[in-house]
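Visitor: I am attaching a structure below and will ask some questions about it afterwards.
The values are calculated or read from the model by the stated rules, or taken from the named source; none is laboratory data. All values reported here derive from a predicted model rather than from experimental measurement. Every residue, glycine among them, receives a Cβ derived from its backbone with ideal geometry; neighbour counts consider all protein chains shown. Accessible surface is based on the protein model in full, side chains and every heavy atom, while ligands, DNA and RNA are left aside. Shrake-Rupley method; radii C 1.70, N 1.55, O 1.52, S 1.80 Å.
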Amino acid sequence: MSVLLEMSMFPTDHGESKSEYVAQVISLIRESGYAYQMTPMATIIETNEIGEALALAEKCYKILEALDCNRVYATLKFDIRKGYENRLKSKIESVEKHIGEVSK
């Protein structure tokens, strides 16, 4: 099974710039060992089970909570597909077969 989670998570009560907080969340995702791709608006993470994705999202929230964030905004979108893996990479490769290399 492949679970793609597209997630954005940041505090709304700590000024205009969020990079300091986002960096802590990305660090946790990086250390998790799951494949991920950071974009300017969200991060896409691939896990094997939905529980793993949900647990990771909770850990990300706990990081912000420990940084004294009283209000956190989060969006989570899932694409769950049985019988597949490595879709973080293969979905892009599938499009590139049709039109050539795309910006990553």
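Visitor: Based on Cβ point charges of +1 for Lys and Arg and -1 for Asp and Glu, what charge dipole magnitude is obtained for the stretch 1-51 about its Cα centre, in debye rounded to the nearest 20?
Guide: On the way: 2 positive and 7 negative charges, 17 e Å.
Value, rounded to 20: 80 debye.
Visitor: Indicate the gyration tensor shape class of the stretch 1-85 (rounded, prolate or oblate), computed on the Cα atoms with a ≥ b ≥ c the square roots of the eigenvalues: a/c under 1.5 is rounded; otherwise a/b larger than b/c is prolate and the rest oblate. Please report the intermediate quantities before stating the final value.
Guide: On the way: a/c = 2.19, a/b = 2.05, b/c = 1.07.
Cα axes put the stretch 1-85 in the prolate bin.
Visitor: Using unit Cβ charges (K, R positive; D, E negative) and no other charged atoms, how large, in debye to the nearest 20, is the dipole of the stretch 65-104 about its Cα centre? Write out the running numbers ahead of the final one.
Guide: Working: 9 positive and 7 negative charges, 47 e Å.
Its charge dipole is roughly 220 debye.
Visitor: Counting only complete DSSP H runs, which helices of the chain cover 15 Å or more along their long axis at the Cα atoms and score a mean Kyte-Doolittle of -0.5 or above?
Guide: Details: long enough: 19-32 (19 Å, 0.31); 50-66 (24 Å, 0.59); 87-99 (18 Å, -0.85).
Helices meeting the span and hydropathy rule in the chain are 19-32, 50-66.
Visitor: Which trypsin sites (Lys or Arg not before Pro) in the stretch 27-97 pass both tests, a DSSP loop state and at most 16 other beta-carbon atoms within 10 Å?
Guide: Details: sites: Arg30, Lys59, Lys62, Arg71, Lys77, Arg81, Lys82, Arg87, Lys89, Lys91, Lys97; in loops: Arg71, Lys82.
Listed in order of number, the matching sites are Arg71, Lys82.
Visitor: For Lys62, give me every one of the lysines with a C-alpha distance below 25 angstrom, ignoring sequence neighbours fewer than eight places off in its own chain.
Guide: Lys18, Lys77
Visitor: Given Cβ point charges of +1 (Lys, Arg) and -1 (Asp, Glu) and nothing else, what value in debye, to the nearest 20, does the dipole of the chain about its Cα centre take?
Guide: Details: 13 positive and 16 negative charges, 64 e Å.
Value, rounded to 20: 300 debye.
Visitor: To the nearest 500 deg cm²/dmol, what mean residue ellipticity at 222 nm is calculated for the chain from DSSP H runs of n ≥ 4 alone, each contributing -39,500 (n - 2.57), summed and divided by the residues? Write out the running numbers ahead of the final one.
Guide: Working: 3 runs with 44 residues, N = 104.
Value at 222 nm, helices only, nearest 500: -14000 deg cm²/dmol.
Visitor: Can you list the aspartates and glutamates whose alpha carbon sits under 18 Å from that of Lys89, skipping same-chain ones fewer than 8 residues off?
Guide: Those aspartates and glutamates meeting the cut-off are Glu6, Glu46, Glu49, Asp79, Glu101.
Visitor: With a probe of 1.4 Å, find how much accessible area the chain has per residue, and write the answer as a whole number in Å².
Guide: Numbers: 7010 Å² over 104 residues.
Per residue, the chain has 67 Å² of solvent-accessible surface.
Visitor: What is the percent carbon and sulfur in the accessible area of the chain, measuring with a 1.4 Å probe over the protein chains and ignoring ligands? Write down the numbers at each step before the final one.
Guide: Working: 3540 of 7010 Å².
Solvent-exposed carbon and sulfur of the chain make up 50 percent of the total.
Visitor: The stretch 1-63: which GluC sites (Glu not before Pro) are DSSP loop and have at most 13 other beta-carbon atoms within 10 angstrom?
Guide: Values: sites: Glu6, Glu16, Glu20, Glu31, Glu46, Glu49, Glu52, Glu58; in loops: Glu16, Glu49.
In loop regions of the stretch 1-63 (DSSP not H, G, I, E or B), the sparsely surrounded GluC sites (Glu not before Pro) are Glu16, Glu49.
Visitor: Right, something else. Which loop GluC sites (Glu not before Pro) in the stretch 70-104, with loop taken from DSSP, have no more than 15 other Cβ atoms within 10 angstrom of their Cβ? Let's see the in-between values first.
Guide: On the way: sites: Glu85, Glu93, Glu96, Glu101; in loops: Glu85, Glu101.
Sparse-neighbourhood loop GluC sites (Glu not before Pro): Glu85, Glu101.
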